[in-house]
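What follows is a single structure, written as structure tokens, with notes after it.
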Amino acid sequence: GPLDRIFKNAESNTRRLDEIVWAVNPRNDTLEHFTKYLCKFAQDYLSSANVRCRFELPDSLPHGSLSAAQRYHLLLSAKEAVHNAVRHGHPGTVTLKMDVSGVYFLVEIRDDGCGCDVAAASASPRGCGNMRLRMDTIGGSFNIISSAGHGTTISLRAPFSP
């Protein structure tokens, strides 16, 4: 009913505020903090959706930092990718891979779901269009690869300061 909607909206606004507060806190600017935060989100979200969660993380991350804007846009893009994987892909497993290549921090979200029509997904202003815009905003990049029956891989690349 209407009360449920009010609670849902309040919960959603609180979550948004938490994300902003987390992103602007300078203590969270390291790649390691970002990785921990995203992994915790993915684990909580995927377990509540009954989807297995796998992580592929390097043994150690270089000491690098992301600005508040980079953290915020990268986080929201990664969350959207995880959310879309569950909602549209109906996967058994979602794998989060994080790594560093040169001056770029890489976040890859892979699922073993039903795949999607990349052209249609890319043309949609919601979802892919949104993630691409977020990554462009911070000087990064967005890429999607998918094929029917073989899942979807979304790659996010964000520059970081070593």
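The lysines whose alpha-carbon is closer than 18 Å to the alpha-carbon of residue 40, local same-chain residues fewer than 8 away aside, are 79, 97.
Using the Cβ atoms and a cut-off under 13 Å, what net charge is assigned to the surroundings of residue 126, where Lys and Arg are +1 and Asp and Glu are -1? Counting the neighbours of residue 126, the net charge comes to +2. Looking at segment 42-137, what % of the alpha carbon pairs are farther apart than 19 Å? It works out to 46 percent of all Cα pairs. Spatially, segment 72-91 and segment 121-162 are offset by 10 Å when compared through their Cα centroids. Placing +1 on the Cβ of every Lys and Arg and -1 on the Cβ of every Asp and Glu, with no other charges, gives segment 103-162 a dipole of roughly 200 debye about its Cα centre. Sorting the segments 132-140, 57-65 by their residues' average number of neighbouring beta-carbon atoms within 10 angstrom, most packed first, yields 132-140, 57-65.
Can you work out the FRET efficiency for the pair residue 88 and residue 137, with r the C-beta to C-beta distance and R0 = 30 Å, to the nearest 0.05? Numbers along the way, then the final one.
Numbers: r = 24 Å, r/R0 = 0.80.
Efficiency, rounded to the nearest 0.05: 0.80.
Note that the chain presents 56 Å² accessible area per residue, ligands and nucleic acids not counted, probe 1.4 Å.
Calculate what fraction, in whole %, of the accessible area of the chain sits on carbon and sulfur atoms when a 1.4 Å probe is rolled over the protein chains. Present the calculation step by step, with values, prior to reporting the outcome.
On the way: 4920 of 9020 Å².
Carbon-and-sulfur percentage of accessible area, whole number: 54.
Residue separation of residue 55 and residue 39 scaled by 0.36 nm, minus their Cα-Cα distance, works out to 5.0 nm of gained length.
Helical content of the chain, expressed as a calculated mean residue ellipticity at 222 nm, amounts to -15000 deg cm²/dmol (DSSP H runs of 4 or more residues, -39,500 (n - 2.57) each, divided by residue number, nearest 500).
Normalised by 2.2 N^0.38 Å, with N the number of residues, the alpha-carbon radius of gyration of the chain equals 1.03.
Couplings 3J(HN,Hα) for segment 148-162, derived from phi with the Karplus relation 6.51 cos²θ - 1.76 cosθ + 1.60 (θ = phi - 60°), are 3, x, 10, x, 9, 10, 10, 10, 10, 10, 10, x, 10, 9, x Hz, where x marks Gly and Pro.
The values are calculated or read from the model by the stated rules, or taken from the named source; none is laboratory data. Quick caveat, the model's predicted, so the values are computed rather than measured. Note: ideal-geometry Cβ built from the backbone for every residue, glycine included; neighbour counts use all protein chains shown. Side chains included, ligands, DNA and RNA excluded: accessible areas come from the protein's heavy atoms. Shrake-Rupley method; radii C 1.70, N 1.55, O 1.52, S 1.80 Å.
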